[in-house]
């Protein structure tokens, strides 16, 4: 029986690498990958030849996306230094008086023309009645003055003719009186001659003494007649002077008519003044009712019933919610392409929604120039600071029918500059 033997197969000999010094470290060139990694990458691209195109497409998509994002933000200017503005008008009393009724409360929405405050109108009604009476009196005086103008014209014309006739009559009387004077003087001269002749005859006793005395008496009567005639002439001459004065006065008719017309004009002016006083009294009576000038919300009410007001005293504030806009304080470096009319989007922080609008205008100066203490750059300690310019952005109509927007709300406007 033969001995059985078991063969034991030996593993193939593995070539042994020469021993390395443990202190030495394996190094590779910096610009190349380890041989095993490079071989793995090459083997991956050999097994997947489309991978390089996928990677190239992804890089191209990223480049396009970056370009689109850059183009999107390059034409848009945004700021968070912005708020909503509006018309906040103080409501005040235009006349003084006692408050008898207040019809609104704080934060109440009112319509245009609504009665806000009512003052006691009694004093102003009395003023209206007095002004009406003054107007009636002035109108009556004006009618009388206007009626006097034609009357004065007619009477002055008649006075001129009468004065002229009176002057002519007086002159005729002067002529008649002068004729009578000449006749009286002639009679007196004849009587003097008779007395002279009779005096010589009476001395010779050729005539009686009685006849001489009669001649003397006749001469005296003739002398008295001369005096009477002279007085008549003087009287007639005085009447002529008086007639001339009346004529001169009558010939001032145009001036008298002008005076009457001036008085009529003054009376008309008094009517106009009285009418203006009446209109003012009626306005003051209307001002006792304080009404809302437009639709809005009442705020800061400070008036109460029974309070005595002075003219111009503030009563409340009225905010017009139909006319709101955005004041956006943009940096000056953001304005080189911003123009009025450019579209804008306004993001309201309170509601998280956007509203459409457009640029209305740019302020005439920076906000620092309108501050209480504007900066003084001429001191030598100058530090350049980017300034902000207020830009007014108005909302498009019909976007806030519920009037949710309020002045003072923070917003973030974005203007599309191109």
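The values are calculated or read from the model by the stated rules, or taken from the named source; none is laboratory data. Quantities reported herein were computed from a predicted structural model and do not represent experimental measurements. Cβ coordinates were reconstructed from backbone atoms using ideal geometry, including for glycine residues, and neighbour counts include every protein chain displayed.
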For residues that are under 22 Å from the mean Cα position of the chain (by Cα) and in a helix (DSSP H, G or I), tally how many sit in the stretch 259-317. 10
Among (1) closer than 30 Å to residue 238 by Cα; (2) at pLDDT 75 or above; (3) surrounded by fewer than 18 Cβ atoms within 10 Å (Cβ to Cβ), residue 174 falls short only on (3)
Scanning for something surrounded by 15 or more Cβ atoms within 10 Å (Cβ to Cβ), part of a loop (DSSP other than H, G, I, E, B) and assigned by TED's automatic domain parsing to the domain that holds residue 87, does the stretch 339-346 turn up at least one residue? yes
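Within the bounds of the stretch 53-71, is there any residue that is surrounded by fewer than 12 Cβ atoms within 10 Å (Cβ to Cβ), part of a loop (DSSP other than H, G, I, E, B) and either outside the structural domain of residue 351 (by TED's automatic domain parsing) or at pLDDT 85 or above (or both)?
Keep residues of the stretch 53-71 that are surrounded by fewer than 12 Cβ atoms within 10 Å (Cβ to Cβ), which gives 53-71.
Then drop every residue that is not part of a loop (DSSP other than H, G, I, E, B), which leaves none.
Scanning the stretch 53-71, I find no residue that is surrounded by fewer than 12 Cβ atoms within 10 Å (Cβ to Cβ), part of a loop (DSSP other than H, G, I, E, B) and either outside the structural domain of residue 351 (by TED's automatic domain parsing) or at pLDDT 85 or above (or both), so the answer is no.
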Can you run down the residue pairs with Cβ atoms below 6 Å, 6 or more apart or on separate chains, where the first is in the stretch 91-102 and under 8 Å from residue 290 (Cβ atoms) and the partner is part of a strand (DSSP E or B)? 91/315; 91/316; 91/318; 93/309
Only one of these conditions is not met by residue 345: (1) under 34 Å from the mean Cα position of the chain (by Cα); (2) touching a residue at least 12 places away in the same chain (Cβ under 8 Å). Which number is it? (1)
Total residues in the stretch 362-398, condition loosely packed, with under 14 Cβ neighbours inside 10 Å, touching a strand residue (DSSP E or B) at 6+ places or on another chain (Cβ under 6 Å) and within 19 Å of residue 83 (Cα to Cα): 1
Is it the case, given these coordinates, that residue 294 is within 30 Å of residue 116 (Cβ to Cβ) and at pLDDT below 90? yes
